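Let me begin by presenting the structure, written as structure tokens, before commenting on it.
The values are calculated or read from the model by the stated rules, or taken from the named source; none is laboratory data. Predicted model, so just to flag it, every value in this text is computed and none were measured. Backbone-built Cβ (ideal geometry, glycine too); neighbour counts: all protein chains shown. In case anyone asks, the SASA skips ligands and DNA or RNA and just uses the protein heavy atoms, side chains included. Shrake-Rupley method; radii C 1.70, N 1.55, O 1.52, S 1.80 Å.
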Amino acid sequence: MDRIIVAKFGGSSLADSAQFKKVRTIIRENPNRKFIVVSAPGKRYRGDHKITDLLYMCHQLSSHGINFDEVFQLIRERYVGICKELELNTPIEEILEEVYENILRKATRDYCASRGEYINGILLADFLDIPFVDAAEVIRFKAKGDYDEEITEKLLSERLSKLDAAVIPGFYGADKDGNIFTFSRGGSDITGSLVANAANAGLYENWTDVPGFLMVDPNIVENPKPIREITYEELRGLSYMGAPVLHEEAIFPVKKKGIPIQIRNTNKVEDEGTLIVHSRLSKTKHGKITGIAGKKGFTVLSIEKTFMTSEKGFLRKLVSVFESNDISIEHMPSSIDSISVIVAEEDIKGKLDKIIEEVRIFCKPDSITTYTNMALLAVVGSGMIRTKGISAKIFTALYESDINIRMISQGSSELSIIIGIENEDYEKSVAAIYNAFVDEV
Ligand code: ASP
């Protein structure tokens with residue numbers, strides 16, 4: 001028997017009635033597409049509003065006692081329009097009225113935001129003529145809003161095992177008392193992954209409006225090559241460094257069972273997209289890289305102290321300064337008698353002087369120097385593992401583009417090489433490395 005496919009459709013894939021029709025054609029074309037996860041309607045054109053953003057706005061206005069009718073009207077028009085154009089009998093006015101009343105009665109921010117997916121799920125279920133399963137009944141959060149993996153897995157798999165097909169709204173769930181909580185923005189990707197895991201799916205399709213992952217940001221390099229196949233680990237490396245497309249946390253639920261994720265384009269079904277797998281189906285090409293991603297805006301604190309490595313507890317004291325100030329450490333490259341702590345500029349803003357003072361008190365270093373305006377880029381690929389010449393090629397490319405390298409870090413897994421450069425050299429560096437490797441991919 002063919003394995004079940006879980007298909008998640010993003011906001012742009014369900015932004016209006018024409019997109020709903022495309023989605024129905026996709027679903028009906030393969031009877032294995034049984035469980036469908038949906039986002040709220042997204043933008044139809046540049047400058048349009050996402051329903052989730054409008055809902056957040058309604059909540060914001062309502063919580064300050066300001067009239068939100070005008071904003072809610074945009075939400076109303078969008079859903080009523082979809083219903084009319086698809087000739088659905090869904091009691092949309094009643095559903096909208098209930099949401100409106102709840103926002104007026106100061107429902108929580110998460111409740112308000114979740115209604116975009118909730119209503120869209122009901123509409124798509126009607127359009128497909130299959131059952132709707134409210135995520136509040138099957139995706140469980142703990143009382144404080146942390147996601148509860150164990151109970152969700154149990155609730156979801158029990159419910160899905162009784163159904164042949166269903167539409168499940170993404171992005172939210174509820175605690176045992178029914179209070180709604182959402183994942184972070186873009187969290188419908190996580191719901192899709194949870195459903196795929198609970199349904200023991202053979203494939204998790206994530207339908208969006210891009211051709212999948214590209215080797216580099218298309219805003220930096222024109223028409224970069226697509227990535228056809230990528231491992232969970234490689235993807236983790238790229239999305240950690242800011243490559244968008246899929247929510248960072250969406251790989252964890254399916255990773256356990258090794259369920260592949262396929263990124264597909266609703267508007268170009270003939271494209272094969274990107275397949276995210278546990279281990280490569282095709283042979284790893286030695287000497288090749290999979291992709292390059294990065295971010296600007298890091299600050300480096302460079303701490304020097306003679307014999308630091310033999311001082312027991314030095315690192316613990318250093319790290320605890322950052323922990324107690326609620327700052328995540330991105331990287332900590334070290335050398336003899338010195339260590340650098342790299343943090344995001346926006347995290348340390350306003351706290352830098354305090355941190356330096358505390359490091360002085362607790363760690364008693366010989367000196368602390370700070371550098372700002374650093375960008376980090378990660379060159380990622382399992383083809384780099386135990387392969388000679390990769391770093392030579394990267395650093396030659398940077399040298400030939402006249403770029404000064406401020407930091408280098410490579411973990412022992414050899415899956416990625418992370419390089420620190422000046423913010424202003426970021427785009428040039430990414431392009432230089434891409435050009436050095438592109439012909440071999
Ligand atoms: N609608 C939510 C957002 O805009 C969640 C999602 O689309 O995945 O973030």
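Overview of results
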quantity: Rough spin-label spacing in nm, given labels placed 7 Å along Cα→Cβ, for Lys256 and Ile361; calculated: 4.3
quantity: Burial ranking of peptide ranges 260-269, 85-94, 201-210 (average Cβ count within 10 Å, highest at the top); calculated: 201-210, 260-269, 85-94
quantity: Global geometry of the stretch 151-205, whether rounded, prolate or oblate, following the gyration tensor of its Cα atoms and the 1.5 cut on a/c; calculated: oblate
quantity: Asn435/Asp53 FRET efficiency (R0 35 Å; Cβ-Cβ; nearest 0.05); calculated: 0.40
quantity: Hz values of 3J(HN,Hα) by residue in the stretch 56-63 - Karplus curve (6.51, -1.76, 1.60), Gly and Pro given as x; calculated: 4, 5, 4, 4, 4, 5, 4, 5
quantity: Shape of the stretch 247-370, Cα gyration tensor, a/c cut at 1.5; calculated: prolate
quantity: Using θ = phi - 60° and Karplus 6.51 cos²θ - 1.76 cosθ + 1.60, couplings along the stretch 413-420 (whole Hz; Gly, Pro as x); calculated: 6, 6, 7, 8, 10, 10, 10, x
quantity: Residues whose placed amide H lies under 5 Å from that of His331, excluding near-sequence neighbours; calculated: Ile342
quantity: Choice from Thr52, Thr108, Thr191 with maximal GNM fluctuation in the chain (Cα, 10 Å cutoff); calculated: Thr108
quantity: Net charge dipole size for the chain [Lys, Arg +1 and Asp, Glu -1 on Cβ; Debye, nearest 20]; calculated: 1040
quantity: Distance between modelled label sites at Glu270 and Ile336, nm, 7 Å Cα→Cβ extension; calculated: 6.2
quantity: Nearest-ten-degree value, helix 149-161 long axis tilted from longest Cα axis of the chain; calculated: 40
quantity: Sites Glu77 and Asp129, calculated FRET efficiency, Cβ-Cβ separation with R0 25 Å, nearest 0.05; calculated: 0.50
quantity: Farthest toward positive dipole pole in the stretch 98-214 [+1 Lys/Arg, -1 Asp/Glu at C-beta], among Ala136, Ala113, Asn197; calculated: Ala113
quantity: Accessible-area composition of the chain, carbon plus sulfur, in percent [1.4 Å probe]; calculated: 49
quantity: Charge dipole of the chain about the Cα centre (unit charges at C-beta), most positive-ward option of Ile103, Tyr147, Tyr56; calculated: Tyr147
quantity: Under 15 Å, Cβ to Cβ, from Lys257 - net charge with Lys/Arg +1 and Asp/Glu -1; calculated: +1
quantity: Cα-based shape type of the stretch 57-158, given that a ≥ b ≥ c are square roots of the gyration tensor eigenvalues and the cut on a/c is 1.5; calculated: oblate
quantity: Value of relative contact order over the chain, rounded to a whole percent, pairs C-alpha under 8 Å and six or more apart; calculated: 13
quantity: Amide H within-cut-off set for Glu205, under 5 Å, with H built and near neighbours excluded; calculated: Val6, Ala7, Lys8, Gln262
quantity: 5 angstrom amide H check on Arg33, placed H, neighbours 5+ away; calculated: Ile5
quantity: Rounded to whole Hz, the Karplus (6.51, -1.76, 1.60) HN-Hα couplings of the stretch 175-186, x for glycine and proline; calculated: 7, 5, 8, x, 6, 7, 10, 10, 6, 6, 3, x
